[in-house]
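Structure first, then comments.
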Amino acid sequence: MLSTTLRNSVLATGPTFRRSLATHAPFYEKDCSSITPPYAQLIGKWEYVRELLNNRPLTLAEKILYSHLNDPEKSLSGGGKIRGESYLQLTPQRVAMQDASAQMALLQFMSAGLSRCAVPTSIHCDHLIQAIDGAESDLKRSIASNKEVFDFLESAARKYGIEFWKPGSGIIHQIVLENYAAPGMLMLGTDSHTPNAGGLGLLAIGVGGADAVDAMTGTPWELKAPQVVGIHLTGKLSGWATPKDLILHLAGKLTVRGGTGRILEYFGPGVANQSCTGLATVANMGAEVGATTSTFPYTENMRAYLNATGRAPVARAADKAASMGFLNADDGAEYDEVIEINLSELEPTINGPFTPDLATPLSKFGSFVKEQGWKDELSAGLIGSCTNSSYEDMTRVAELAKQAKAAGLVTKVPFLCTPGSEQIRATMERDGVTNTLEDVGAVVLANACGPCIGQWKRDDMKGEENAILTSFNRNFKSRNDGNRLTMNFLASPTIVTAMAFSGSLSFNPMTDTLTLPSGKPFRFTPPAGRDLPIEGFTQGNTDYYPSPTPEPQPETEVIIRADSQRLELLEPFQSHFGDSGLELPPLKVLMRVRGKCTTDHISAAGPWLKYKGHLTNISENLLITAVNDEGGDVNVAFDHDRAAGETETDTIPAVAKRFKARNQPWTLVVDDNYGEGSAREHAALQPRFYGCAMIVARSFARIHETNLKKQGVLPLWFADKADYSRIGSGDIVETIGLADLIKGRQNAAVKLKVTKRTGEVFEILTKHTMSEDQLKWFCAGSALNFIRSQMS
């Protein structure tokens, strides 16, 4: 570990605030009783933990995690290493679910037989709204086409006392930041970008639906104690540089795997200079480096944001907690790594294509495009989404639009804008931001995820190589428009907007000029946004909003049609173990997956989102964009035991279904960082549904590995990554030593006996990250099976 005595931007005695809201309209106050963390209880537990740990200095992440421990002595006793080693049993304070992932989470929760959620829970309708031609018509069309799902979600919310944010209310992460997030709390969300809420100085962690069900049922939620990386910020952003450029730059340094099993904790004087929503942008994209979550010490700008969004009671409580040293790291706290970033030296950065960690400074991007031989053309510019749709983002791009309009310019390519919430949309409209953008050619979409997650009905460029520039967070192949040849480059909203007026990838607004109709040159000046509206936020259409803290209505019937093709009640998975003991039965290898395989590859989104609540139907897309390492084809698997009349090869889901029909359990061999990207648990449910019992990887992404464990799929890591290429389709794999591991034998190792199709037999050594409780889930067939057994 590296020790640092660098002072945090918020000292242990608590922040000293100036009256920063004097320039803003008087704020309103909500009833914050259900959203204010129980600071006295958390601080009491933190102080108890300090004694257990011999008063060693703690990072902010450790303070928040350890103050939410279910049983501190059980988790922390023993005196050994905690970070990266121990499993923590935690009690999150809140759960948030988006409409696509909420379906499966609720179906699992319903099977637990409880009458209400154990913690405050919310549902947000944002993923099922497709972008076609504009906000009003898109919203109406999507509500009609998804009525069955929305009716199910709303009826389940009424029955169990869950807050239901209707379609049109906005994107889950923006709504959580505006309404629920609070410094020092721990919350879970069924989306990988849940860490967005960390912009308010908490730990918000993206999980699969089964993990959310833990919290919703009052079951302690288990997390392997992450390492903590300290990101020391000095200097100040200037010119065209924005908080988005900070995280784009950091993604380039850390890569998509550099944050796995780690929390990114920012500190130093550069933190205090950032707006709360700017910090949220940074935390949001921490997911792209695999980080468990990101957080920041409590700052004046956080306090101002809480006040501006009606949560002054939370701010006052946080002030008090900060004064006791709870909301910042201790002096002398040790980080597992410290990364130094001078914000004054940052320039705009563009990342991509096809991976969010390929970072290129704007000053070098034109040369990069030329070197790659790409056309110097931009086909569309898209701004907004959960990453960059704050009031500050929108006012900053509106200033560019004003400059362009005054010069007689309009965008040269389609320019789409997605507001993050109804509150942002309404405030934009009131303050003239919307008109300003529309005047130069922008189309404002519904308050929803839209193109960022593939909900974009794009009629041009089908099957053609083209480049789009977006302020989104993720840019995997086919993700946005279903076209594998669309290159999505990630940038700040200001860079996307400026380049939309040029239509050229090589345009650098810091140095280059555009030619006006008059023939004169025009250069943009760096825009400045306003973090909070002078007249305060306006809530807009409150019909989209839920009643706060609703009581369960147990008489409500949850609406699922018997003939539904969108929703399907879940049947419990059976245990893998029969009379043969605690070793897995012989497993057939379905395929060896080559290279990057994200959850988008395993369970595609876009048009498949409509089947999120129907496991049988959505399983038809299993691994359909994955590459088979034996031949290099996409969505091709071999069936070496085919029956008469069956083909030697078929699609991957088709061969998986053949295995299921033969009652043949199977396994996958996969590459590094398997399952990176979205938190979607369908990427674990679908292989399990078809009979997968084990996946052996060079390495796993954190959320997906946990999702596999929850659904009763054993994730094993190659001890020697070279062994990946020794196992092929049709081989038989048997476990050796799994029984010893399950029985709790110390230092038990799991080996795999591989019988090749040629008859050759050999053994390979594996590693695992299974905890004692996770082994119980596996034996029961799934975590939910085990939870049910404990409740009966």
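For the condition at pLDDT 95 or above and in contact with a strand residue (DSSP E or B) (Cβ under 6 Å, 6 or more places away or on another chain), what is the one hit in Asp740, Asp723? Spell out how you get there, then give the answer.
Numbers: Asp740 fails: in contact with a strand residue (DSSP E or B) (Cβ under 6 Å, 6 or more places away or on another chain).
Just a single option satisfies the conditions, and that option is Asp723.
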Check: Hey, any hits in the range 425-438 for a residue that's in contact with a Phe, Trp or Tyr (Cβ under 6 Å, 6 or more places away or on another chain), surrounded by 24 or more Cβ atoms within 10 Å (Cβ to Cβ) and assigned by TED's automatic domain parsing to the domain that holds Ser471?
Finding: yes
Note to self: Every residue in the range 648-671 that is surrounded by fewer than 24 Cβ atoms within 10 Å (Cβ to Cβ), touching a strand residue (DSSP E or B) at 6+ places or on another chain (Cβ under 6 Å) and hydroxyl-bearing (Ser, Thr, Tyr), please.
What the structure shows: Thr649
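Determine which member of the set Asn179, Asn146 is farther than 22 Å from Arg561 by Cα and out of contact with any Cys (no Cβ under 6 Å at 6 or more places or on another chain). Can you show your working first?
Details: Asn146 fails: farther than 22 Å from Arg561 by Cα.
Just a single option satisfies the conditions, and that option is Asn179.
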Checklist line | Neighbours by Cβ (under 6 Å, 6+ apart or cross-chain): first from the range 87-102, on the phi < 0 side of the Ramachandran plot; second of a type in the set (D, E, K, R) and outside any strand (DSSP E or B) | finding: Gln98/Asp126; Gln98/Asp191; Ala100/Lys612
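Against the definition (in contact (Cβ under 8 Å) with a residue 24 or more places away in the chain, assigned to a loop (DSSP other than H, G, I, E, B), under 27 Å from Gln274 (Cβ atoms) and basic (Lys, Arg)), how does Arg479 come out, yes or no? Break it down into steps so the answer makes sense when it comes.
Values: in contact (Cβ under 8 Å) with a residue 24 or more places away in the chain: yes; assigned to a loop (DSSP other than H, G, I, E, B): yes; under 27 Å from Gln274 (Cβ atoms): no; basic (Lys, Arg): yes.
Spelling it out, it is not the case that Arg479 is in contact (Cβ under 8 Å) with a residue 24 or more places away in the chain, assigned to a loop (DSSP other than H, G, I, E, B), under 27 Å from Gln274 (Cβ atoms) and basic (Lys, Arg).
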Checklist line | Number of the exception - Lys140 against (1) in contact with a Cys (Cβ under 6 Å, 6 or more places away or on another chain); (2) without any contact (Cβ under 8 Å) to a residue 24 or more places away in the chain; (3) not polar (S, T, N, Q) | finding: (1)
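Quick check on Tyr674: is it closer than 27 Å to Phe354 by Cβ, of a type in the set (Phe, Trp, Tyr) and either assigned by TED's automatic domain parsing to the domain that holds Val733 or surrounded by 18 or more Cβ atoms within 10 Å (Cβ to Cβ) (or both)? Full working, then the answer.
Working: closer than 27 Å to Phe354 by Cβ: yes; of a type in the set (Phe, Trp, Tyr): yes; either assigned by TED's automatic domain parsing to the domain that holds Val733 or surrounded by 18 or more Cβ atoms within 10 Å (Cβ to Cβ) (or both): yes.
It is true that Tyr674 is closer than 27 Å to Phe354 by Cβ, of a type in the set (Phe, Trp, Tyr) and either assigned by TED's automatic domain parsing to the domain that holds Val733 or surrounded by 18 or more Cβ atoms within 10 Å (Cβ to Cβ) (or both).
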Next item on the list: Please indicate, with yes or no, whether at least one residue in the range 742-752 is part of a strand (DSSP E or B) and not aliphatic (A, V, I, L, M).
Entry: yes
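So is Ser725 surrounded by fewer than 16 Cβ atoms within 10 Å (Cβ to Cβ), under 25 Å from Phe659 (Cβ atoms) and under 35 Å from the mean Cα position of the chain (by Cα) or not? Walk me through it before giving the result.
On the way: surrounded by fewer than 16 Cβ atoms within 10 Å (Cβ to Cβ): yes; under 25 Å from Phe659 (Cβ atoms): yes; under 35 Å from the mean Cα position of the chain (by Cα): yes.
Yes; evaluated as a whole, the condition is true for this residue.
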Check: Among the numbered criteria (1) surrounded by 24 or more Cβ atoms within 10 Å (Cβ to Cβ); (2) assigned to a loop (DSSP other than H, G, I, E, B), which single criterion is violated by Gly239?
Finding: (1)
Note to self: I'm checking my understanding of the structure. Among residues of the range 601-632 that are in contact (Cβ under 8 Å) with a residue 12 or more places away in the chain and more than 30 Å from Ala102 (Cα to Cα), which one is surrounded by the fewest Cβ atoms within 10 Å (Cβ to Cβ)?
What the structure shows: Gly632
Next item on the list: Identify the single condition in (1) out of contact with any His (no Cβ under 9 Å at 6 or more places or on another chain); (2) of a type outside the set (Ser, Thr, Tyr); (3) farther than 30 Å from Gly209 by Cβ that Lys709 does not satisfy, given that it satisfies every other one.
Entry: (3)
Note to self: Against the condition surrounded by 16 or more Cβ atoms within 10 Å (Cβ to Cβ), under 24 Å from the mean Cα position of the chain (by Cα), over 16 Å from Asn351 (Cα atoms) and not assigned by TED's automatic domain parsing to the domain that holds Thr599, how does Gly503 come out, does it pass?
What the structure shows: no
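Would you check if Val271 is of a type in the set (A, V, I, L, M, F, W, C) and in a loop (DSSP other than H, G, I, E, B)?
On the way: of a type in the set (A, V, I, L, M, F, W, C): yes; in a loop (DSSP other than H, G, I, E, B): no.
No: the conditions fail for Val271.
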Next item on the list: Within the range 753-792, track down each residue that is outside any loop (DSSP other than H, G, I, E, B), touching a Lys or Arg at 6+ places or on another chain (Cβ under 8 Å) and of a type in the set (S, T, N, Q).
Entry: Thr766, Gln774
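Select from the range 376-404 the residues that are of a type in the set (A, V, I, L, M), under 27 Å from the mean Cα position of the chain (by Cα) and not in a helix (DSSP H, G or I) and list them in ascending order. Steps first, answer last, please.
Restricting attention to the range 376-404, the residues satisfying the condition of being of a type in the set (A, V, I, L, M) are 378, 380, 382-383, 394, 397-398, 400-401, 404.
Keeping just the survivors that are under 27 Å from the mean Cα position of the chain (by Cα) gives 380, 382-383, 394, 397.
Listed by number, the residues that qualify are Ala380, Leu382, Ile383.
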Note to self: Tell me the residue from Thr556, Thr525 that is more than 25 Å from Thr434 (Cβ to Cβ), of a type in the set (Val, Ile, Thr) and either part of a loop (DSSP other than H, G, I, E, B) or over 27 Å from the mean Cα position of the chain (by Cα) (or both), please.
What the structure shows: Thr556
Notebook entry, point to check: Got at least one residue in the range 310-320 being under 16 Å from Pro195 (Cα atoms), out of contact with any strand residue (DSSP E or B) (no Cβ under 6 Å at 6 or more places or on another chain) and crowded, with 24+ Cβ neighbours inside 10 Å?
Noted result: no
Note to self: For the range 300-349, give me each residue that is in contact with a Ser or Thr (Cβ under 8 Å, 6 or more places away or on another chain), part of a strand (DSSP E or B) and hydrophobic (A, V, I, L, M, F, W, C).
What the structure shows: Val338, Ile341
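Could you check the range 513-571 and list, in sequence order, the residues that are hydroxyl-bearing (Ser, Thr, Tyr), closer than 29 Å to Thr277 by Cβ and either touching a residue at least 60 places away in the same chain (Cβ under 8 Å) or crowded, with 16+ Cβ neighbours inside 10 Å (or both)? Spell out how you get there, then give the answer.
Residues of the range 513-571 that are hydroxyl-bearing (Ser, Thr, Tyr), as a first pass: 513, 515, 518, 525, 538, 542, 544-545, 547, 549, 556, 564.
From what's left, closer than 29 Å to Thr277 by Cβ: 525, 538, 542, 544-545, 547, 549.
Thr525, Thr538, Tyr544, Tyr545, Ser547, Thr549 - these are the residues of the range 513-571 that are hydroxyl-bearing (Ser, Thr, Tyr), closer than 29 Å to Thr277 by Cβ and either touching a residue at least 60 places away in the same chain (Cβ under 8 Å) or crowded, with 16+ Cβ neighbours inside 10 Å (or both).
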Checklist line | Residues satisfying the stated conditions in the range 718-754, i.e. under 21 Å from Glu630 (Cα atoms), in contact (Cβ under 8 Å) with a residue 60 or more places away in the chain and not charged (D, E, K, R) | finding: Tyr724, Ser725, Ile727, Gly728, Ser729, Gly730, Ile732, Val733
Note to self: Is it the case, given these coordinates, that Thr194 is in contact with a Ser or Thr (Cβ under 6 Å, 6 or more places away or on another chain), buried (at least 24 other Cβ atoms within 10 Å of the Cβ) and in the same structural domain as Glu222 (by TED's automatic domain parsing)?
What the structure shows: no
Check: Taking the range 111-138, which residues are more than 16 Å from Cys452 (Cα to Cα) and either touching a Pro at 6+ places or on another chain (Cβ under 9 Å) or in a loop (DSSP other than H, G, I, E, B) (or both)?
Finding: Ser111, Ala112, Gly113, Leu114, Ser115, Arg116, Cys117, Ala118, Val119, Pro120, Ser122, Ile123
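Do the conditions hold for Ala96, that is, is it part of a helix (DSSP H, G or I) and crowded, with 21+ Cβ neighbours inside 10 Å?
Details: part of a helix (DSSP H, G or I): no; crowded, with 21+ Cβ neighbours inside 10 Å: yes.
It is false that Ala96 is part of a helix (DSSP H, G or I) and crowded, with 21+ Cβ neighbours inside 10 Å.
The values are calculated or read from the model by the stated rules, or taken from the named source; none is laboratory data. Keep in mind the model is a prediction, meaning the values are calculated, not measured. Backbone-built Cβ (ideal geometry, glycine too); neighbour counts: all protein chains shown.
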